[in-house]
Amino acid sequence: MDFQISARSIKEGKTVILYDESAFSGVKKIAGKVAADIGAVFGKAPVAAALEDFSGEELSRIRYPILVGTIGCNILTKLETAGLLALHDVDGKREVYQHKVIGKLSAGLLLPQETTALVIAGSDKRGTVYGLFALSEKLGVSPFIDWLDVMPERKTTFPISAKYEYTSKEPSVRFRGFFINDEWPAFGNWCNKRFGGFNAKCYEHVFELLLRLKGNYMWPAMWSAI
């Protein structure tokens with residue numbers, strides 16, 4: 001069965017983003033940002049939370065979970081043990097991720113009911129983050145959505161084939177990033193006006209862009225205020 005993301009499935013709580021409670025804090029944070037990206041496409045954002053946080057009726061409504069994990073986590077271990085996931089192309093690699101649709105996730109394995117799942121598996125924390133943002137791009141969300149107001153085309157539904165499986169390549173360049181050059185007056189004034197200076201609130205947006213572009217390195221600017 002194909003995996004489906006739709007405005008209706010999100011509204012009804014059928015499409016959610018799930019990760020382990022023990023997931024990296026950065027993975028949890030980016031899962032929330034990708035949920036917001038999905039909201040920009042479908043008009044409503046899905047819940048992004050730990051699997052352990054769901055129970056009762058809320059848990060039983062789930063039909064199309066987006067399962068997010070890093071090698072060694074409980075979710076991926078259960079899927080691999082059940083023969084539903086092969087992670088040999090991811091395990092031991094640097095900044096690699098895998099997307100895979102599981103057309104029939106049996107009841108009782110992770111959820112009490114049978115579901116169709118999209119798995120995002122990362123070799124390490126950044127690999128998982130890149131895999132999450134890759135889903136945003138697949139839905140038509142630009143990496144520059146936060147900077148250039150490039151809003152995605154609205155959709156009512158987005159099917160992903162039951163045969164879909166993709167594993168990224170290990171980056172050939174180890175350090176990838178950018179340097180904020182000529183930070184005064186443009187970047188400096190922007191930071192002061194919007195965030196009250198060069199602070200964590202400002203750099204959250206900078207590092208988000210870096211991760212959306214699959215970077216991992218930023219050269220510090222030269223001005224002492226930076």
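The values are calculated or read from the model by the stated rules, or taken from the named source; none is laboratory data. A quick note: this is a predicted structure, and the numbers were derived from the prediction, not measured. Please note: Cβ atoms are built from the backbone with ideal geometry, for glycine as well, and neighbour counts cover all protein chains shown.
Summary of values
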quantity: Residue check, residue 14 under 28 Å from residue 141 (Cα atoms) and either among the aliphatic types (A, V, I, L, M) or surrounded by fewer than 22 Cβ atoms within 10 Å (Cβ to Cβ) (or both); calculated: yes
quantity: Close pairs (6 angstrom Cβ cut-off, 6 or more residues apart or separate chains): part of a helix (DSSP H, G or I) in the range 189-207, modelled with pLDDT of 90 or more and charged (D, E, K, R) anywhere; calculated: 195/201; 205/146
quantity: Lone qualifier among 183, 208 - being of a type in the set (Asp, Glu), touching a helix residue (DSSP H, G or I) at 6+ places or on another chain (Cβ under 9 Å) and farther than 25 Å from residue 38 by Cα; calculated: 183
quantity: Cβ-Cβ under 8 Å pairs, at least 6 apart or on other chains, the range 56-83 side without any contact (Cβ under 8 Å) to a residue 40 or more places away in the chain, far side surrounded by 13 or more Cβ atoms within 10 Å (Cβ to Cβ); calculated: 78/109; 78/110; 80/86; 80/87; 82/106; 82/109
quantity: Test set (1) surrounded by 13 or more Cβ atoms within 10 Å (Cβ to Cβ); (2) outside any helix (DSSP H, G or I); (3) within 19 Å of the chain's Cα centre (by Cα) - residue 166 fails condition number; calculated: (1)
quantity: In the range 138-150, residue surrounded by the fewest Cβ atoms within 10 Å (Cβ to Cβ) [restricted to those that are out of contact with any Pro (no Cβ under 6 Å at 6 or more places or on another chain) and within 16 Å of residue 4 (Cα to Cα)]; calculated: 138
quantity: Identity of the residue in the range 2-45, within 17 Å of the chain's Cα centre (by Cα), in a loop (DSSP other than H, G, I, E, B) and in contact (Cβ under 8 Å) with a residue 40 or more places away in the chain, that ends up farthest from residue 63 (Cα to Cα); calculated: 24
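Yes or no, residue by residue, for (1) outside the structural domain of residue 136 (by TED's automatic domain parsing); (2) surrounded by fewer than 15 Cβ atoms within 10 Å (Cβ to Cβ):
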residue	(1), (2)
152	no, no
185	yes, yes
194	yes, yes
201	yes, yes
214	yes, no
